[in-house]
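The values are calculated or read from the model by the stated rules, or taken from the named source; none is laboratory data. For clarity, every value in this text was computed on a predicted model and none was experimentally measured. Cβ atoms come from the backbone with ideal geometry, glycine included; neighbour counts cover every protein chain shown.
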Amino acid sequence: MTLKDALTSKMMTPARIGVIIGSQRNPRAGPQIATWVLNVLREYQNSHSTTDRRPYDLSLVDLNDHHLPLYDEPGIPSQIKTPDGYAHEHTKAWSRCISSFDGFVFVTPQYNWGYPAGLKNAIDYLYNEWKGKPGIVVSYGGHGGGKAAVQLQGVLGGLRISVVPKAPALTFPDHDFLVRASKGEDLGLAGEGGKQIWVKEQEDIGLAWAQFLDLLNA
């Protein structure tokens, strides 16, 4: 197979994009908001031609499905090239999961101007599995999460992830919404109701996603 054939084959194979739920609270609003973000991206996918781009599939990645204690590997992630190079089974499983994706959307809440410790811990377990892939940050919270997004973008840059500069921020519309989110109650984000909230932010996500797809196809 020639290099041109290999590149053509890769462009025809759908890229796998992981939408990472950055919250591990119980209760939590993270799954609802990450699913809303995923649905916005699918709407974009359905309304834009992909004839000149690599096709892609979107999947949720829930940190609660990966039981990672505070980093406990004896090795340095940047020196480990395959899942078998890790000492612990939980790290090997996490490595295989992240290795299976070609890019990432990090959906994170903001805690006291920062992003969750659990998300930082999960990121720090790996290095080469993240390296060289595109990433985008979408934050949310009572203040939108912009400060957390800036911090997370800096960390992702340290992992050599190609980070989209624009980080859409989802500000909770009112106090009642914040209270329901903190209790993990239904936020009305599913179906048609989800299209009525964060209308401007949906445009922001679309603009950032176009930049992400350029990185994915670079």
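Which is more than 20 Å from PRO116 (Cα to Cα), at pLDDT below 95 and part of a loop (DSSP other than H, G, I, E, B), of THR8, THR51?
Only one candidate qualifies: THR51.
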Item checked: Number of positions in the range 195-215 that are buried (at least 18 other Cβ atoms within 10 Å of the Cβ) and either at pLDDT below 95 or not in a helix (DSSP H, G or I) (or both) -> 1
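Here's the yes/no breakdown for (1) over 22 Å from GLU201 (Cβ atoms); (2) surrounded by 14 or more Cβ atoms within 10 Å (Cβ to Cβ):
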position: GLY22; (1), (2): no, yes
position: PRO27; (1), (2): yes, no
position: PRO31; (1), (2): no, yes
position: THR51; (1), (2): yes, no
position: ARG54; (1), (2): yes, yes
Item checked: Any helices (runs of 4 or more DSSP H) falling wholly within the range 82-191 and containing at least 3 residues that are touching a residue at least 24 places away in the same chain (Cβ under 8 Å) and under 13 Å from the mean Cα position of the chain (by Cα) -> 117-124, 146-158
Next item on the list: Please work out if PRO116 is of a type outside the set (D, E, K, R), closer than 18 Å to GLN211 by Cβ and either surrounded by 18 or more Cβ atoms within 10 Å (Cβ to Cβ) or touching a Pro at 6+ places or on another chain (Cβ under 9 Å) (or both).
Entry: no
Next item on the list: Can you work out which of the residues in the range 142-167 that are out of contact with any Gly (no Cβ under 9 Å at 6 or more places or on another chain) and surrounded by 22 or more Cβ atoms within 10 Å (Cβ to Cβ) is nearest to ASP102 (Cα to Cα)?
Entry: ALA149
Next item on the list: Take ASN46 and decide whether it is among the polar types (S, T, N, Q), free of Cβ contacts under 8 Å to residues at least 12 places away in the same chain and part of a helix (DSSP H, G or I).
Entry: yes
